[in-house]
Amino acid sequence: MAFLPGSTLGIDFGTSNSAASLLQQTGGTSRLLALDANDAPIMPTALFFNTEDHKTHYGRDAVHQYLEGVEGRLMRSLKSLLGSALLQDKTSVHESLVSYQDIIAMFLRHIATRVRTALDGAMPERVVLGRPVHFVDDDPARDRMAEDALRQAAIDAGFANISFQLEPIAAALDYEQRMTEEALVLVVDIGGGTSDFTVVRLGPGRTGAAARSSDVLATTGVHIGGTDFDRKLNLEQVMSLLGFRHVGPKGREVPSRVFFDLSTWHLIQWQYAQKSMREAQQLRGDYADVRLHDRLMTVLNERWGHRLANTVEAAKIEASRHHAPATIALDWLEGGLSAQITPDDLARHLDASLRQIAACAGDCLAAAGLQQQDIGAIYLTGGSSALKPLRDVLTAVFPGVPQVEGDLFGGVASGLAYSRS
């Protein structure tokens with residue numbers, strides 16, 4: 001296999017989206033590579049196993065096929081399985097049993113194919129994979145296991161000379177390319193599965209330094225991200241239509257596990273297993289209004305869990321972006337059925353999670369031995385950092401500190417290519 005001399009490929013394998021960036025020589029500028037359809041650089045981290053054509057589809061094509069009702073199986077948020085015992089569980093894919101780690105390798109192999117196309121058949125000399133500050137909170141052994149599993153998946157996908165860099169540090173390296181003066185920066189990276197922070201000294205005069213460890217003053221992270229926001233909003237705004245918190249004929253609430261799992265991106269696929277379906281069907285006697293149970297079973301029988309989660313996510317983004325109520329259209333489930341998310345709903349339901357995130361950012365500043373006034377800017381990256389309630393909380397905790405928005409989806413990948421770890 002031919003390697004492109006002096007080249008570094010940065011891969012941001014994200015919970016929700018993935019990207020890859022190439023730096024062809026030291027001192028150059030990294031560029032995002034086309035990974036998805038129509039040469040899009042940002043690709044949803046999604047696979048669809050089509051049972052009609054027996055092919056595997058990726059990214060936007062995977063999501064499109066699922067939403068169009070093609071027979072098959074959608075998988076998303078696979079990164080959330082790293083560090084979990086579920087990672088080595090096997091599932092049926094195209095009439096073969098494969099582990100979820102193998103499925104991650106399949107996704108990375110698709111990225112490798114797109115990279116090879118962009119490099120006229122060559123591969124990068126070295127690869128830097130992004131990783132959160134913590135794959136798993138407060139468990140170093142499982143955290144190492146998660147990194148080792150991702151490394152092995154990358155090797156199985158055909159990549160070589162692999163190293164890792166923390167995602168918030170990668171975001172900082174990307175931001176540094178556009179800075180005109182030196183400053184201490186708090187990098188806030190809110191991804192799909194984790195929120196990560198770093199306090200780092202950045203500036204145009206530091207970009208060529210071979211070692212940057214002394215510039216990184218502190219890093220912290222917490223296992224809360226955009227998929228957790230989606231789960232909370234799904235539970236609070238939609239799942240009552242399927243029976244969540246519904247009181248049955250005996251005065252007890254319907255058991256809630258199915259609603260939590262059906263609202264959690266990486267657990268949705270398990271709800272279609274025979275055992276789970278049987279348990280959901282047996283809940284019917286716990287319902288006073290069986291129409292709610294009918295809706296639950298329709299979602300499960302039609303395998304519409306990801307469709308429901310997609311609809312909630314889209315409404316979340318709309319309500320935040322326009323600061324106005326957004327409709328959650330559910331007429332595909334039942335004629336005339338809908339729900340709503342308002343800006344107040346976002347602020348109320350996400351308040352506890354956002355305060356945990358802000359507290360972790362404050363911990364990072366404290367670990368660096370700094371005061372708020374020492375920070376020149378808060379640099380925001382990661383898709384979920386666009387949420388207005390998050391920015392409002394950061395403004396309240398760090399008043400007067402300017403917030404700078406980076407490339408929310410491609411910044412980490414671009415920064416990884418600059419890393420010399």
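The values are calculated or read from the model by the stated rules, or taken from the named source; none is laboratory data. Because the structure is a prediction, the values reported are computed rather than measured. Every residue, glycine as well, gets a Cβ built from its backbone with ideal geometry; the counts of neighbours run over all protein chains shown. Ligands, DNA and RNA are stripped out before the accessible areas are found, and what is left, the full protein with its side chains, is counted by its heavy atoms. Shrake-Rupley method; radii C 1.70, N 1.55, O 1.52, S 1.80 Å.
The listed residues PHE3, PHE244, once ranked by accessible area (1.4 Å probe) with the largest placed first, stand as PHE3, PHE244. Of all accessible surface on region 197-260 at a 1.4 Å probe, what whole percent is carbon and sulfur? Within region 197-260, the accessible surface is 48 percent carbon and sulfur.
Here the chain carries DSSP beta bridges of which approximately 70% are antiparallel, counting only pairs with both residues inside.
A cut-off of 5 Å between modelled amide H atoms, ignoring neighbours fewer than 5 places along the same chain, links ASP89 with TYR100.
Only the Cβ atoms of Lys and Arg (+1) and of Asp and Glu (-1) were treated as charged; on that basis the dipole of region 227-346 about its Cα centre amounts to roughly 400 debye. Over the chain, the ratio between the Cα radius of gyration and 2.2 N^0.38 Å evaluates to 1.01.
Could you work out how far helix 100-118 tilts from the main Cα principal axis of the chain, as a 0 to 90 degree angle to the nearest 10? The two axes meet at around 50 degrees.
The 3J(HN,Hα) values that the Karplus relation (6.51, -1.76, 1.60; θ = phi - 60°) gives for region 130-143 are, in residue order, x, 8, x, 4, 9, 5, 10, 5, 6, 8, x, 5, 5, 5 Hz. Gly and Pro appear as x.
Contact order, relative form, for the chain: 19 percent (alpha carbon pairs under 8 Å, 6 or more residues apart, mean separation divided by residue count). The length gained by stretching the chain between GLN177 and ASN161 to full extension, at 0.36 nm per residue less their Cα-Cα distance, is 3.3 nm. Of the heavy-atom accessible surface of region 309-421 (probe 1.4 angstrom), what whole percent is carbon and sulfur? Within region 309-421, the accessible surface is 49 percent carbon and sulfur. Each residue, GLU95 and LYS388, gets one label point 7 Å from its Cα in the Cβ direction; the gap between the two is 5.3 nm. Every helix of 4 or more DSSP H residues in the chain counts as -39500 (n - 2.57), and over all residues that averages to -11500 deg cm²/dmol at 222 nm. Distance from a point 7 Å along Cα→Cβ of ASP289 to each backbone N in region 309-323: keep the residues under 12 Å and list them by number. Under 12 Å, as judged by backbone N against the label point of ASP289, lies no residue of region 309-323. Under the simplified labelling scheme, the ASP138-GLN274 pair shows an inter-label distance of 3.9 nm, with each label point 7 Å from Cα along Cα→Cβ. Counted by Cβ distance under 9 Å from SER385, the other residues give a net charge of -1, where Lys and Arg count +1 and Asp and Glu count -1. Shown are THR26, THR15, whose ranking by accessible area with a 1.4 Å probe and every protein chain present, most to least, is THR26, THR15. Rolling a 1.4 angstrom probe over the protein heavy atoms with all chains in place gives the chain an accessible area of 42 Å² per residue.
Label positions at THR26 and ASP53, each projected 7 Å from the Cα along the C-beta direction, are separated by 4.5 nm.
For the chain, the longest principal axis of the alpha carbon atoms and the long axis of helix 167-176 meet at an angle near 50°.
The heavy atoms of HIS64 present about 110 square angstrom of accessible area, all protein chains included, probe 1.4 Å. Round to the nearest 10 and give me the degree value, 0 to 90, for the angle of helix 290-301's Cα axis relative to the longest principal axis of the chain. Computed tilt is about 50 degrees.
Measuring between alpha carbons in the structure, the pairs from LYS55/LYS90; LYS55/LYS79; LYS55/LYS275; LYS275/LYS316 lying more than 24 angstrom apart are LYS55/LYS275; LYS275/LYS316.
Applying the Karplus relation 6.51 cos²θ - 1.76 cosθ + 1.60 with θ = phi - 60° to region 87-99 yields 3J(HN,Hα) values of 4, 8, 4, 10, 9, 7, 10, 6, 6, 10, 8, 9, 7 Hz, where x marks Gly and Pro.
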